[in-house]
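Some notes on the structure that comes next.
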Amino acid sequence: MADDPGSGPLLAETGRRLASVVDRLRAGEPLAGARQFVEEVAFGPGEWERMPDRVRETFRVNAPTFADEQGDPGWAELDLAGLSGYTGPALLTKGSESPPWFAGIVGRLSGALPQAATYTFEGAGHIPHVTHPTEYVRRVTALGALGRRAP
């Protein structure tokens, strides 16, 4: 979405926040970096403390992998032409509370996968499989059962 003028300023701010998180992770502070990611990038202030211990631990343990992913110069690129060769069933999801550029990403993916169903989870952010697991499973199961678009 870097080429989308409407997303530019928000993406730039998110990029600065991500870079700060990665700097902290590379400085050997996985717990502090994970907390900063949760509070400043993904969920918002106060959310770290609301998470169960096991979820916080998952963020901490996976923090170095996140730093490695961010070091890949192509981490944010999509090969839409290559993806368009896929003709099987697909479900594209987004949350109504996701940052605005997520809708743009889903829109571009939908253009490359015209057979894909798209669903917006009301009240969800960008990880509806975590925040709305029952509804998410229902959507994915429906898609698999039909072998085509989910209802």
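The values are calculated or read from the model by the stated rules, or taken from the named source; none is laboratory data. Every value quoted in this text rests on a predicted model; they were computed, and no experiment measured them. Here Cβ is always computed from backbone atoms with ideal geometry, including for glycine, and neighbour counts include all displayed protein chains. Note: accessible area is taken over every heavy atom of the protein model, side chains too, but ligands, DNA and RNA are not part of it. Shrake-Rupley method; radii C 1.70, N 1.55, O 1.52, S 1.80 Å.
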Some residue of the stretch 119-127 being surrounded by fewer than 17 Cβ atoms within 10 Å (Cβ to Cβ), in contact (Cβ under 8 Å) with a residue 12 or more places away in the chain and either out of contact with any strand residue (DSSP E or B) (no Cβ under 9 Å at 6 or more places or on another chain) or assigned to a strand (DSSP E or B) (or both): yes
The stretch 120-150: number of residues that are aliphatic (A, V, I, L, M), modelled with pLDDT under 85 and out of contact with any helix residue (DSSP H, G or I) (no Cβ under 7 Å at 6 or more places or on another chain): 5
Residue within the stretch 88-98 that is modelled with pLDDT under 90, more than 20 Å from His126 (Cβ to Cβ), in contact with a helix residue (DSSP H, G or I) (Cβ under 6 Å, 6 or more places away or on another chain) and not small (Gly, Ala, Ser) present: yes
Residue count for the stretch 22-39, restricted to those that are without any contact (Cβ under 8 Å) to a residue 40 or more places away in the chain, part of a helix (DSSP H, G or I) and more than 23 Å from Val106 (Cα to Cα): 10
Members of the stretch 77-114 that are outside any helix (DSSP H, G or I) and exposed (fewer than 14 other Cβ atoms within 10 Å of the Cβ): Glu77, Leu78, Asp79, Ser84, Gly85, Tyr86, Thr87, Gly88, Ser96, Pro114
Of all residues in the stretch 6-37 being over 20 Å from Ala76 (Cβ atoms) and in contact with a Phe, Trp or Tyr (Cβ under 7 Å, 6 or more places away or on another chain), the one that is least open to solvent (accessible area, probe 1.4 Å): Ala34
Single unsatisfied condition, Glu40 versus (1) under 17 Å from Leu18 (Cα atoms); (2) touching a helix residue (DSSP H, G or I) at 6+ places or on another chain (Cβ under 6 Å); (3) open to solvent by less than 50 Å² (accessible area, probe 1.4 Å): (3)
